[in-house]
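These notes concern the structure reproduced below.
What follows draws every value from the coordinates through simple rules; no lab data is involved. As the structure is a computational prediction, the values presented were derived from the model and not from experiment. Every residue, glycine as well, gets a Cβ built from its backbone with ideal geometry; the counts of neighbours run over all protein chains shown.
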Amino acid sequence: MSGVRRFLRENSLSLGFGALFLLSLVGQAFAGVADLNDQRVSDGLDPITLGRFLTSSSFAVDVMENWQSEYLQFFLYIFATVWLIQRGSAESKKLEEAGTESDEKQRVGAHAKRDSPPAVKAGGWRTAVFSRSLGLLMGTLFLLTWASSSVAGWAAFNSDQLGSHEDPVTWLGYLGHADFWNRTLQNWQSEMLAVGSMAIFTVYLRQRGSPESKPVGAPHAVTGQTG
Amino acid sequence: MATRKRRWAVALTGAAALLVSGCGSLGADEVESVAATFAGAEDDPAARCQLLAANVVEALVEGEGASCEDAIADLPVGSGDVTAVEVWGEEAQARLTDDTVFLTRTADGWKVTAAACRSQGAGLPYTCQVEGS
């Protein structure tokens, strides 16, 4: 197998979803500008170009409001699954493992191995930060994208306000406005539904070969097994 | 001018967000110029009509049963100085000392979509005697 083919195969999960993400984003851009221009023409306004749409608050808020909820989902899931368990679920740890677990199980401190990451062998704050780095990154990305969503939403809202001959509002005013919370919560609720559904569905349903599922023959009551 | 304050608020909220949101004050100078020209053309209704969006001209002609020039000459469009400009995406608002004017970006530049507007209070749309249908 050539080097390129091996690279593609060994990274097919991240590359595959990266490609799907880009294709979806391009599709959203074209569908979004067509939808916006339909509205503008029916309002007696000139259509805008794709380039102008891509730098508009309208496109930005549609992208950011989805990104923030996805990162919130993973941030909460990563942290919640440290403590919360679901009997029989492939998404849950074993019932007796709730919590941050022992150093031995986590291979930190005196239990670090030769092949452990350097931050683990370093000890101190580096190990403490590395031990939480996945959740911290997701949490940071959530806060950044949520803040971006609020600014883009504010701009889009004010554009609509002016279009309907109303005064624009301040950013703080927008944070207290129903439009911001409607955009935010409609995304959050769908993410929580997806996580909760997945936790329960994997108790009783299987997907042969998927690490997100228990082995097909595993009993429903067995918790924390993945296939 | 309010636009300058808004620039700072946006910058503080995050340069990255600003980049993607496209909500900067691009076009504020053009809007101010068009609004000032529109307001200053008190004795030149033809010039004012040229600065109106097409659907506004249409609504004026239909609503007043007269030419755009005759119709707009009879309406209380402000002629004062521009005191503040807000630009959000393709839409803008210019406050005059004696009126509030709304504009939209078109292929031919900024055009007025509403004038002779009076505020109805916070959270309510202005009532405008010059506007599209």
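Points to keep in mind about this one:
- Other protein chain Cβ atoms within 10 Å, averaged over every residue that makes up A:52-61: 5
- Secondary-structure-derived ellipticity at 222 nm for chain A, considering helices only, amounts to -21500 deg cm²/dmol, per-run term -39500 (n - 2.57) for DSSP H runs with n ≥ 4.
- Each Lys and Arg contributes +1 and each Asp and Glu -1, all at the Cβ; summed about the Cα centre of region B:26-131, the dipole is approximately 300 debye.
- Legend: mean number of C-beta atoms from other chains within 10 angstrom of residue C-beta atoms, peptide A:39-51, equals 3.
- Taking a sphere under 14 Å around the Cβ of A:Val33 and counting the other residues whose Cβ falls inside, with K and R at +1 and D and E at -1, yields a net charge of -3.
- Which of B:Ala84, B:Ala122, B:Leu51, positive extreme of dipole for region B:26-131 (C-beta unit charges): B:Ala122
- Rg/Rh ratio calculated on Cα atoms of the protein assembly as shown (Kirkwood radius): 1.15
- Per-residue HN-Hα couplings for region A:63-75 [Karplus 6.51, -1.76, 1.60; θ = phi - 60°; Hz; x = Gly/Pro]: 6, 5, 5, 7, 4, 4, 6, 5, 5, 4, 4, 6, 4
- Its Cα centre serving as origin, region A:79-182 has a Cβ charge dipole (Lys and Arg +1, Asp and Glu -1) of approximately 880 debye.
- Taking A:Ala60, A:Ala29, A:Ala178 as the candidate residues, the one with maximal mean-square fluctuation in a Gaussian network model of chain A, Cα springs under 10 Å, is A:Ala178.
- Residue among A:Ser164, A:Ser89, A:Ser149 with the largest mean-square fluctuation in a Gaussian network model of chain A, springs linking Cα atoms under 10 Å: A:Ser164
- Per-residue HN-Hα couplings for region B:98-107 [Karplus 6.51, -1.76, 1.60; θ = phi - 60°; Hz; x = Gly/Pro]: 10, 6, 10, 10, 10, 9, 9, 7, 10, 4
- Projected label points at A:Leu185 and A:Glu97, each 7 Å from Cα along the beta carbon direction, are separated by 3.7 nanometres.
- Spacing of the modelled spin labels on A:Gln106 and A:Leu134, each 7 Å from Cα toward Cβ, amounts to 1.3 nm.
- Sparsely packed loop sites in region B:79-133 (the GluC sites (Glu not before Pro) outside DSSP H, G, I, E and B with at most 10 other Cβ atoms within 10 Å) do not occur.
- Trypsin sites (Lys or Arg not before Pro) within region A:82-186: DSSP coil, no more than 15 neighbouring Cβ in 10 Å: A:Arg87, A:Lys94, A:Arg107, A:Lys113, A:Arg114, A:Arg132
- Rounded to the nearest 20, the Cβ-based charge dipole of the protein assembly as shown about its Cα centre (Lys and Arg +1, Asp and Glu -1) stands at 3520 debye.
- Each of A:Ala156, B:Ala41, A:Phe130 was scored by the projection of its Cα onto the charge dipole of the protein assembly as shown, and the greatest displacement toward the positive side belongs to A:Phe130; charges sit on the C-beta of Lys, Arg, Asp and Glu.
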